[in-house]
Ligand code: GLC
């Protein structure tokens, strides 16, 4: 029975009988009688790509999302043909392709569980207006199936029962459920019967996803043009799905410089120079750690990109240097709109080189943004990207700016319907000329890419830092991101938490929100609760719009200042832990933030959880999301945990009440973990220290922890100059053993570890470090807690 109005319109066409099959290296080609072609590529044993053409010929195969470094190749491939179907088997999946209608069924190759099956499957509707097709896919939604991912949607973490649109949009003061927002990441993970798989619909046109909303048993997706082109990524573990998707669309091209993981202070706008200095000096006077200060659009001359307002900033190079001497990295905003001004060299140059986007009939794409009427570079043109990259020479190489913030790159246009370019605007699309219908969702991504190229070139030998508002799948390769113009409300604190987790499930870890809210003003309580969440987000920046009062940590009275300071300090103490989590993200594609479902998909309790998440591998965090709270109920996932504040030991797998007055938020540390902590610094690498702390929490059993370190900036680490310690902890009733194995040639500046043991269940009678007995009298020892300083090169510590 056809009921899906959007999907099942009258003009729908469907593949019919398969009449031919050919295999060409890793790709199988099927054709139907009515001219439908299916190209099935075995990308990896666990990743299959399905691509459909409706009238024999495919488009040029080109994607901005897929990384050229993505892993490919399979271990096993077998193809069988029966009367009714083709059976394609890899070591991970079995794919059945039905001859009568080209429908697909996918199974786990190990135990034959049915993972995904076409409902109607591929079908399409010809578009007379634009040419091409509206391409559609419908799959069966299985019993108890849950869905996650899809970028920055401001909705419940589990997408089941909802419908969404992907169309990158400037969404000032959006709300819970506003859709679409700033990102288009057409990727989701499905989970049913304990098994998880991913679907990446790599199509940049406006797309829609319906997760069993319109029809209870159907999940469908469709796009207003382009090809039906999707990747099926098999787990069955959700961590593997997310990490494979991250690998497919690319990991960041280098580790973030450690300073970029510090605290960032921003506002629209800090100017003139004296105001900037007043802010930075106050951070130092109050000893509130901070690494980055931002200049919003008012630093420019009439909002012309790559210019300075010399009344406000008479000598930017001097200022940037003075700030740098005080530990502050200067980050400046750069928008895509170039002011139409014949006196403006960048405008003239782009005009002369023919780098601006044009309308279908030839005129330039003219739109209003901050500077007034603007033209817009076509970042989908390679030459435009190189030109744009070179524009950063002065800012980065000469003036010393350390990071660039790309905004309004949806692209946002003011005072027009749709708040962006009209559909007919033309783009190069790297040699695949097209309209804005196809290029819209990747415009911001390509701008961030061009900016990244500039920073990479001119910041060298330091690492580049870029932040972007708009993004398509894969943008994580070039840039960090934030969640756009949110609001200072409790609802938005909830949204920020969900968005950061959802982005992490969508391959994008380096994410944060405008702490405190961009629009309107938080009270001290909301600001405090937001900072508490924000210090556990990979990107940690306070930002607000200038017209709603000030939002620096000291603006809400002494109590708030004190609490905010202590949480920013906690972020700085945990920097080695966060840096290690980033290293894992770059290596394995495992996100820094892990929603509980990612952490333990077998525990059904996690499938509808949104508030709690795991930070790195071992820290469980749950923000306080309501005013006047003295605590909250939260779910403690399976495993055993220590309350960070009280060290109380909690057995997980249940919901509990956790006390959390304004100066605390619920934080739990996994038993058996080894958490590295730096001494508090005012900015990254402010101090040389010869010792770092390792917090060791006893566990009966085994647990592995990692500590990654390197020079915190630059590229030496890619040549082996890093230090990676793997700690294996083994706890027995009367014993605790820690073994360390280190690789890499980097010599850390610290030479010893101060180990703090928590929760030891036995009285210590003997400690040996690398078989040498330690004098117990010399230690700071209470009954169950103890501190021990050891050479950082130790191999084994044995306590009994
Ligand atoms: C946009 C950005 C915001 C910025 C403002 C002025 O609204 O999202 O972060 O402060 O423009 O540049």
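The values are calculated or read from the model by the stated rules, or taken from the named source; none is laboratory data. Just so it is clear, the structure is predicted and the values come from calculations on it, not from any experiment. Cβ atoms come from the backbone with ideal geometry, glycine included; neighbour counts cover every protein chain shown.
Can you name the helices (runs of 4 or more DSSP H) wholly within the stretch 556-613 that have at least 2 residues being assigned by TED's automatic domain parsing to the domain that holds residue 285?
Numbers: elements: 558-573, 575-588, 596-599.
Passing ranges, in order: 558-573, 575-588.
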Looking only at the stretch 427-483, and only at residues there that are in contact with a helix residue (DSSP H, G or I) (Cβ under 9 Å, 6 or more places away or on another chain) and assigned to a strand (DSSP E or B), the one that is farthest from the ligand (Cβ to nearest atom): 427
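In this structure, does residue 337 turn out to be away from the ligand (no atom under 16 Å from the Cβ), in contact (Cβ under 8 Å) with a residue 12 or more places away in the chain, under 30 Å from the mean Cα position of the chain (by Cα) and buried (at least 16 other Cβ atoms within 10 Å of the Cβ)? Spell out the reasoning first.
Values: away from the ligand (no atom under 16 Å from the Cβ): no; in contact (Cβ under 8 Å) with a residue 12 or more places away in the chain: yes; under 30 Å from the mean Cα position of the chain (by Cα): yes; buried (at least 16 other Cβ atoms within 10 Å of the Cβ): yes.
Answer is no for this residue.
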Selection within the stretch 229-260 - touching a residue at least 60 places away in the same chain (Cβ under 8 Å), assigned to a helix (DSSP H, G or I) and within 30 Å of residue 135 (Cα to Cα): 238, 239, 240, 242, 243, 244, 245, 246, 247, 248, 249
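Here's the yes/no breakdown for (1) out of contact with any helix residue (DSSP H, G or I) (no Cβ under 6 Å at 6 or more places or on another chain); (2) within 16 Å of residue 478 (Cα to Cα); (3) within 16 Å of the ligand (Cβ to nearest atom):
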site	(1), (2), (3)
240	yes, no, no
244	yes, no, no
248	yes, yes, no
251	no, yes, no
254	yes, yes, no
259	yes, no, no
262	yes, no, no
265	yes, no, yes
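With the structure loaded, tell me whether residue 719 is exposed (fewer than 13 other Cβ atoms within 10 Å of the Cβ) and outside the structural domain of residue 578 (by TED's automatic domain parsing) or whether it fails that test.
Yes: the conditions hold for residue 719.
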Cβ pairs under 9 Å, 6+ apart, first in the stretch 261-276 and assigned by TED's automatic domain parsing to the domain that holds residue 555 and buried (at least 23 other Cβ atoms within 10 Å of the Cβ), second in a loop (DSSP other than H, G, I, E, B) and at pLDDT below 95: none
Which listed residue is within 16 Å of the ligand (Cβ to nearest atom) and either within 20 Å of residue 609 (Cα to Cα) or surrounded by fewer than 22 Cβ atoms within 10 Å (Cβ to Cβ) (or both), from 179, 152: 152
Tally of residues being within 16 Å of residue 108 (Cβ to Cβ) and surrounded by 14 or more Cβ atoms within 10 Å (Cβ to Cβ) across the stretch 75-91: 5
Hits in the stretch 277-311 - residues which are out of contact with any helix residue (DSSP H, G or I) (no Cβ under 7 Å at 6 or more places or on another chain), part of a helix (DSSP H, G or I) and either away from the ligand (no atom under 16 Å from the Cβ) or within 22 Å of residue 560 (Cα to Cα) (or both): 277, 278, 279, 281, 282, 283, 284, 285
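Do we find that residue 494 is within 16 Å of the ligand (Cβ to nearest atom), modelled with pLDDT of 95 or more and farther than 27 Å from residue 223 by Cα in this structure?
Details: within 16 Å of the ligand (Cβ to nearest atom): no; modelled with pLDDT of 95 or more: yes; farther than 27 Å from residue 223 by Cα: yes.
No.
For every residue, the table says whether it meets (1) in a loop (DSSP other than H, G, I, E, B); (2) more than 22 Å from residue 438 (Cβ to Cβ).
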residue: 21; (1), (2): no, yes
residue: 31; (1), (2): no, yes
residue: 40; (1), (2): no, yes
residue: 52; (1), (2): no, no
residue: 64; (1), (2): yes, no
residue: 69; (1), (2): yes, yes
residue: 88; (1), (2): no, yes
residue: 94; (1), (2): no, yes
Residue ID - nearest to the chain's Cα centre (by Cα), chosen from residues in the stretch 722-748 that are assigned to a loop (DSSP other than H, G, I, E, B) and surrounded by 15 or more Cβ atoms within 10 Å (Cβ to Cβ): 722
